[in-house]
Amino acid sequence: MRALGASSLASLRNPQDKRGVMVRTRFAPSPNGLLHLGHAYAAVVAHDLARARGGEFLVRIEDIDGTRSRPELIPEILADLKWLGLNWDGAVLHQSSRLAAYAAAGERLKALGLLYPCQCTRSEVVAAAHEVGPDGPLYPGTCRGHAVDPDGAAWRLDMAKATALAGPLAWSDERAGIQQASPEIFGDIVLLRKEAPASYHLAATVDDAMQGITLVTRGQDLFESTRVHRLLQALLD
Ligand code: GLU
């Protein structure tokens, strides 16, 4: 996670973002464990940026990973945020209440012909991969273009088709400047899967749009994810 010191916070202090809309940030923890110092830092940065600009700070609980999510930790996480002195605007959004929206986004991508079913297991993907991308072994496209049983399948994004449809994309990072999205480095990522109703990438993009988030702050470990999110924003309008 990058250090955002007091001087850079001050330099970012303006009431509206460059498009003239009210700044709205969010802190979006996955309740897979208790908050750690990195979470606390990310929450403070998102909160302080919003408050410095007279904007809003939202909290979203990313609780849709059925294998890792621990709902019993959510009250503890919210209590820790309060203990840190962070007050959020509006109600906390739980991704578990948003499954229909993710399914609808998935259907839109399917209707565009951009998703295909895949029955490969994780170990098959690891064994077949020749390269590693930001999310792990790059899927070599084994199921792409084949008649695969969609029942219980994971749905992968046909990255070549998706990037051809979207065209070149960029985003503006307040510290690193204009970034070319180049999502192809992720390969054919999974967007819908068996054990979780939507991938982090799909759910976060759909919710950031629905919640009107104007400035995303997140750990440096997730910087690359923005490439995929930018692509999904374009594909889903
Ligand atoms: N839920 C993610 C996490 O806890 C953060 C998501 C985001 O900031 O986009 O690491």
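None of the figures in this text is laboratory data; all of them are computed from the coordinates on show. Given the structure is predicted, the values throughout are model-derived calculations rather than measurements. Reconstructed Cβ throughout: ideal geometry from the backbone, glycine too, with neighbour counts over all protein chains shown.
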DSSP-assigned coil residues among GluC sites (Glu not before Pro) in segment 131-215, each with at most 16 further Cβ atoms within 10 Å: Glu131, Glu174, Glu195
Segment 191-237 shape via C-alpha gyration tensor axes, a/c threshold 1.5: oblate
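Would you kindly state how much longer the chain becomes between Arg68 and Glu131 on full extension, computed as 0.36 nm times their sequence separation minus their alpha carbon distance, in nm to one decimal?
Values: separation 63, 0.36 × 63 = 22.68 nm, distance 2.64 nm.
Between Arg68 and Glu131, full extension yields 20.0 nm more.
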Pairs of Cα atoms farther than 22 Å apart, the chain, %: 56 percent
At 1.002 mPa s and 20 °C, Stokes diffusion of segment 29-157 via Kirkwood alpha-carbon radius, µm² per second: 120 µm²/s
Computed over the chain: relative contact order in percent, which uses C-alpha pairs under 8 Å that are six or more apart: 22 percent
Whole-Hz ³J(HN,Hα) from phi, Karplus 6.51 cos²θ - 1.76 cosθ + 1.60, for segment 88-104, glycine and proline x: 9, 8, x, 7, 5, 8, 9, 4, 4, 8, 10, 4, 5, 5, 5, 4, 5
Relative contact order of segment 68-206, pairs being alpha-carbon contacts under 8 Å that are 6 or more residues apart, as %: 25 percent
Built amide H within the under 5 Å cut-off of Asp158, gap 5+: Leu115, Tyr116
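Give me the dipole magnitude in Debye, nearest 20, for segment 172-237 about the Cα centre, with unit charges on the beta carbon: positive for Lys and Arg, negative for Asp and Glu.
With Lys and Arg at +1 and Asp and Glu at -1, about 60 debye.
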Orphan Cys of the chain, criterion: no other Cys C-beta under 4.7 Å: Cys120
Residue range of the chain that is longest and free of trypsin sites (Lys or Arg not before Pro) which are both DSSP loop and sparsely packed (at most 14 other C-beta within 10 Å): 69-174
Amide H within-cut-off set for Ile61, under 5 Å, with H built and near neighbours excluded: Leu93, His94, Gln95
Choice from Ser97, Ser69, Ser182 showing the highest fluctuation, given a GNM over the chain with Cα pairs closer than 10 Å: Ser97
Long-range amide H partners of Arg24 with built H, under 5 Å: Glu56, Thr214, Leu215
Mean-position separation - Cα centroids, segment 195-216 and segment 90-136, in angstrom: 12 Å
